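Chemist: So that we are looking at the same thing, I have put the structure below in C-alpha cells.
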C-alpha cells in the first residue's frame, strides 16, 4: 500500500515536471512539432503499454494533418494523414468532426468506420484499442485530436481521463501558440513584402514623433538609409524648417485633445530631402489601432512630376483657350446615345449662351438660321445612324438679328462604354465669309468690266451683225412700197416682203438680246448648257472680227458631247475671252497662216474645250502667271480676262490651264465635270458668296 502511494506520488511529480517542461518549451518558442513529440513521449512514459499520437486539422478544417507520433509505425500514421474530417474516416476524424471524445475499447468488435476499413488497418499494425479526444482552442475551435492506442482491448479509467484532459490542454496551448507564431511570422512577412514593394513612402512614427519604420521607397525618395533615420525625430528629418514648429504643435495638440486636421485625410505639402532640397508630396496619416501611446503611419508620394504635368496641362489649357479665342474656334464632344454635349468656353462665346445652361440639340437649334434648320436635321439624322466623320457649314441667327457663319468639323470615335461619340471643332468664319463675299462682288464687277471692254473691241462685228438685218429691212421696205404702188398692187409680193422684213427685225432683236445677256449685270444662274451651241453663238459674234484680222477659223466639235450644268453667259464669256486672246496673239504674224482651232471633246468625267492658236505664244516662266489678275503681255490689255475666266471655271468646279504648242503659239483649255449634269435648274444669288454657292453646287 505504501509502495503504491509512493509510485502514485512519483508519477504525479513526474507528470507535473513534464507538464512544466512542455509549457516552458512553448514559452521559449520551441517548434510545435518538438513540443508535441515531447508530449507523446511523456504520456507513453507515464502510462505503460500505450502509444500516443496527435493529428491536426488543416486550415480549411476538412482534412487531417500530421502532428506527432514518435512510437507508432509510419505506415499506420500515413494511412490516417489526409483523411477527411467526418464521422466515417476513423476515430480521430470522428472526434474532430463531433468535437467530442471517441473511445474504441475493442477494435475486434468495432463496426464503425467500416467504409474506410480503419479497424482492420489498425489491427494489422497490432493495435486493439483507441481513445481519441478533440483538441480545442481557447475560442472553442477544434485544432486536432489527441489519441492513445493500446495493443490490447482497454477502456479508460477516471485517472486516465484526467490525464487525457490534462495533456489535451497542453497540446492545445502548444498548437495555439505555434499557430499564433506562424500567423505573426506570416503577417510580418507580408508587411515586409508590402513595405519593400510599395512604390510610395511608408513611414511609421511613435507618439514622440520618432521614426519606427522607413521603407525602401522612403529611402530612395528622401536619401536617408533606414539605419540612419530610425529613432530620429521625423520632423527634423523630412519636414522643412519653416514648417517644423507647426508640425510639433499639431502633434502635441492631438496627444492632448485628440483633435487633428490631418489624420484620415489626404493633403499636399512640402517635404525636404537629406540634401536639403524641397519637393511637393501628397500625404495621408493614419493612427495604428494599438493599446498604449499612439503610433502613426504616414503614406507619402513624391508628386513633383504630377505637379509639372498639371502645370503643363494648365499652360496648355490656357494656350488652347487663348488660341481658340483668337481664332474664334471652339471644341466640342457629343455622345449620340446619351445626348450629352460638352462645349469649350469659346463655343459658348460663339453661340452667345450662358455657360450655366446645359447644352442640348434643341438649344443649338434655337440659334440656327431658319433656312439652315433642315440642313442641320439631315446631318444629325445621318451621323446618328452611322459612325462617319462629317464637315459642314451653317448660319446662326443671333438675338440682335445679326448672322454668323460657322464651319464645323467632327470625328467619330467610340468611348469607353462603346457608345458612338463625336469630337470636333467649331469655327466662327463670319469675317472670312464677309471678305469672300466682298471679293466675289469685286470679281463679278471685274467680269462685267471685262465684258464691257470686250464690247468696245467688238464694235465692228456688232455693227455688222446689226447692219446686215437693218439693210435687209430697208431694202424690203423699199421693195414693199414699189409693189404696193404698182397698178395693180402686187399684194402677194408685198406680203412676202413684209415677212422678210419681220425676219430681219427678229435677227436684229436677237443680236441685241445676246449682247444684253452677255454684257448686262445679272444673277448667277445654273442651267443645262450644250457647249457646242454656246460656242457657236460666241463665234457668230466674233466671225466678222476674225475675218477682218485674216484669222482662219477651224472648229472640231464632238457631236455626242453631253450637256453640262453651268451659267451659260459666264461660260460664253470665258469662250469669248479665249478666242479673242488667241486672235490677238496672232495680230503681228504675217509670215505664216493665222490658224485658230476651237475644239470640244469628252474627257474622263468631264467635257473639255480647247482654243489653239499659232501666235507668238508665251515664255515658259510666264506659264504660272498668265492667270494672275492684271498680268498681261498685250500693250492695250487690262490683264483681267484670264483671271476672271479662271474664277468662272473654278466656280463651276472645273479647271482652266494653258500649255505651249510644239511649233508656234499656245493652247488654252478648260474642263467642266459631268457629275453636275443630272440636276435640274438652279438659280443662286451671286451676293451670297462663293462658299455658299459651292455648298449649293455640292447639293446638285
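Chemist: So if I check each of 183, 189, 193, 237, which one is closer than 24 Å to residue 273 by Cβ and part of a helix (DSSP H, G or I)? Explain how you work it out, then say what you get.
Modeler: Working: 183 fails: closer than 24 Å to residue 273 by Cβ; 189 fails: closer than 24 Å to residue 273 by Cβ; 193 fails: closer than 24 Å to residue 273 by Cβ.
Criteria check complete, one pass: 237.
Chemist: Further, regarding this structure: Check whether at least one residue in the stretch 254-277 is within 23 Å of residue 189 (Cα to Cα) and part of a strand (DSSP E or B), and report yes or no.
Modeler: Taking the stretch 254-277 and keeping what is within 23 Å of residue 189 (Cα to Cα), we get none.
Looking through the stretch 254-277, none of the residues is within 23 Å of residue 189 (Cα to Cα) and part of a strand (DSSP E or B).
Chemist: Return yes when residue 176 is more than 40 Å from the chain's Cα centre (by Cα), assigned by TED's automatic domain parsing to the domain that holds residue 248 and at negative phi and no when it is not. Don't jump to the end; show me each part of the working.
Modeler: Numbers: more than 40 Å from the chain's Cα centre (by Cα): yes; assigned by TED's automatic domain parsing to the domain that holds residue 248: no; at negative phi: yes.
No, not satisfied.
Chemist: Those residues that are outside any loop (DSSP other than H, G, I, E, B) and either within 18 Å of residue 411 (Cβ to Cβ) or at pLDDT 90 or above (or both), I need them from the stretch 335-345; list them, please. Even if it seems obvious, please write down each step before you answer.
Modeler: Taking the stretch 335-345 and keeping what is outside any loop (DSSP other than H, G, I, E, B), we get 335, 341-343, 345.
Within the stretch 335-345, 335, 341, 342, 343 meet the criteria.
Chemist: Here's a follow-up. From (1) under 33 Å from the mean Cα position of the chain (by Cα); (2) exposed (fewer than 14 other Cβ atoms within 10 Å of the Cβ); (3) modelled with pLDDT under 85, pick out the condition that doesn't hold for residue 360.
Modeler: Of the numbered conditions (1) under 33 Å from the mean Cα position of the chain (by Cα); (2) exposed (fewer than 14 other Cβ atoms within 10 Å of the Cβ); (3) modelled with pLDDT under 85, the odd one out for residue 360 is (3).
Chemist: Just the residues that are more than 18 Å from residue 299 (Cβ to Cβ) and either without any contact (Cβ under 8 Å) to a residue 12 or more places away in the chain or in contact with a strand residue (DSSP E or B) (Cβ under 9 Å, 6 or more places away or on another chain) (or both), please, taken from the stretch 273-286. Outline the logic, then answer.
Modeler: Of all residues in the stretch 273-286, those more than 18 Å from residue 299 (Cβ to Cβ) come to 274-278.
Result: 276, 277, 278.
Chemist: Go through the stretch 515-557 and report how many residues are at positive phi and at pLDDT below 85. Quick ask: steps written out before the conclusion?
Modeler: Our first condition is that a residue be at positive phi; within the stretch 515-557, this holds for 550.
After this cut, where a residue has to be at pLDDT below 85 as well, the list is none.
Total meeting the criteria: 0.
The values are calculated or read from the model by the stated rules, or taken from the named source; none is laboratory data. If you're wondering where the values come from, they're calculated on a predicted model, not measured in any experiment. FYI the Cβ positions are ideal-geometry reconstructions off the backbone, even for glycines, and counts take in every protein chain you see.
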